[in-house]
Amino acid sequence: MLSLENIQAARQSIRDKVHLTPVFTSTAIGREIDVTVYLKAELFQKTGSFKTRGALNKIQKLSQAQKDKGLVTISAGNHAQGLAYAASQYGVACTVVMPDTASPTKIRATRGYGATVVQHGNDNEAFDYAFQLQKERDLTFVHPFDDLDVMAGQGTVGLEIVEQVAAFDIVVVGIGGGGLISGIATAIKSLKPHVKIFGVEPIGAAKMRRSLDEGHAVRLDRVDTIADGLAPPMAGEHTYPIVKALVDDVVTVTDEEIVVAMKMLMSRAKLMAEPAGAAAVGALLAGKVKVPSGSKVVAVISGGNVDLEELKKLL
């Protein structure tokens, strides 16, 4: 299991290489649900999402021999950019497999950070192809979420929340494969056990909710959501037990509810979140997370790498 000590060590390792992202309050969003809302703005992290944290921590844990082989991963976009950026900082070659449906904006950004991008099939097929490349080329695979070093890096978000928000009752986090929420839950439950942690998934990619219902980590046959950052087709073998142990509930939202949150964040909080980044607020506005009146709630805005053409269609 991931530990608070792992996350604290990760923070020391990466703190000079990442931004301390701000926390904003939003009176307008809070008024909608009668709570005090704090927005942890990870869309202002380097590469536009929290993923850089885990990628940097992982690379620093690799041996020189592992780095020399070159890295390979699978990602719809944010981990792709995070790992590509981290690899560039250490002069390490990086190949990223992205599904055919990946955002053109995220593909361009990943290449811009120096990675080689290979597009292949749907989400499941892309995962399988990344493992195939690892074996064929003897590359070092860096998992986008189901890796303790990656999860420890993501957990530094939780340490910052504890330091930046004097008192809070609830934290709401979007779930892709579960790396971010596993890290945040480990950090916050260790330091503030009374705080409740809620995860949010799109209905069309609810692998963690289904895993909790079935009692084991599951892999979906297909996913269907605008939130590509929350669309991995499986829950992690490492992340699932942490979510089961530490997260109070996992709820689902529709794509329409995510779009409502994107509009609210842009119009009232002046934050241009991508769909995955807006999911936590979407769950709050839709009443999917039951929050007592007067609560102090932190919503993690996990990323802002939104394709502008797609944004026009959504809004």
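Assorted remarks:
- Using the Cβ-Cβ distance between residue 16 and residue 67 with R0 = 22 Å, the FRET efficiency computed as 1/(1 + (r/R0)^6) comes to roughly 0.65.
- Convex hull volume of the chain per residue (C-alpha atoms, cubic angstrom): 112
- Normalised contact order of the stretch 1-69, rounded percent, pairs of Cα under 8 Å and 6 or more residues apart: 28
- Computed over Cα pairs, the Kirkwood radius of the stretch 225-315 leads via Stokes-Einstein (1.567 mPa s, 4 °C) to a diffusion coefficient of 92 µm² per second.
- Accessible area per residue in Å² at 1.4 Å probe, computed on the stretch 231-315: 39
- Between residue 254 and residue 3, the distance separating the two model label sites (each 7 Å from Cα on the Cα→Cβ line) works out to 4.6 nm.
- Annotated for the stretch 149-306: lysine pairs at least 8 residues apart or interchain, Cα distance under 14 Å, count 6.
- Modelled FRET efficiency - R0 45 Å, residue 111 with residue 216, Cβ distances, 0.05 increments: 0.75
- Loop-located GluC sites (Glu not before Pro) in the stretch 195-265, at most 14 other Cβ atoms within 10 Å (DSSP): 237
- Directionally averaged shadow of the stretch 1-61, computed from the convex hull of its alpha-carbon atoms, nm²: 5.6
- Bins of 10 Å from zero: percent of alpha-carbon pairs in the stretch 82-139: 25, 51, 24, 0
- Counted residue by residue at 0.36 nm each, then reduced by the alpha carbon distance between them, the extension gain from residue 266 to residue 34 reaches 81.5 nm.
- Annotation for residue 135 and residue 192: the two label points, set 7 Å from Cα along the Cα-Cβ direction, are 4.6 nm apart.
- The accessible surface of the chain, taken with every protein chain in place and a 1.4 Å probe, is 48 percent carbon and sulfur.
- The mean sequence distance of close C-alpha pairs (under 8 Å, at least 6 residues apart), as a share of the length of the stretch 91-166, puts its relative contact order at 25 percent.
- Dividing the convex hull volume of the alpha carbon atoms of the stretch 11-112 by its residue count gives 121 Å³ per residue.
- Distance between the modelled labels on residue 310 and residue 44, one decimal in nanometres: 2.4 nm (7 Å Cα→Cβ projection).
- Cα-based equivalent ellipsoid, the stretch 126-247: semi-axes from gyration tensor eigenvalues, Å: 26, 17, 12
- For the chain, the relative contact order is 22 percent, taking Cα pairs closer than 8 Å that sit 6 or more residues apart in sequence and dividing their mean separation by the residue count.
- Radius 13 Å from Cβ of residue 193, net charge of other residues (Lys, Arg +1; Asp, Glu -1): +1
- Taking only alpha carbon atoms, the stretch 247-292 gives an Rg to Rh ratio of 0.98, where Rh is the Kirkwood radius.
The values are calculated or read from the model by the stated rules, or taken from the named source; none is laboratory data. Predicted model, so just to flag it, every value in this text is computed and none were measured. Note that we place each Cβ from the backbone using ideal geometry, even for glycine, and neighbour counts take in every protein chain shown. What goes into the accessible areas is simple: the full protein's heavy atoms, side chains included, and nothing from ligands, DNA or RNA. Shrake-Rupley method; radii C 1.70, N 1.55, O 1.52, S 1.80 Å.
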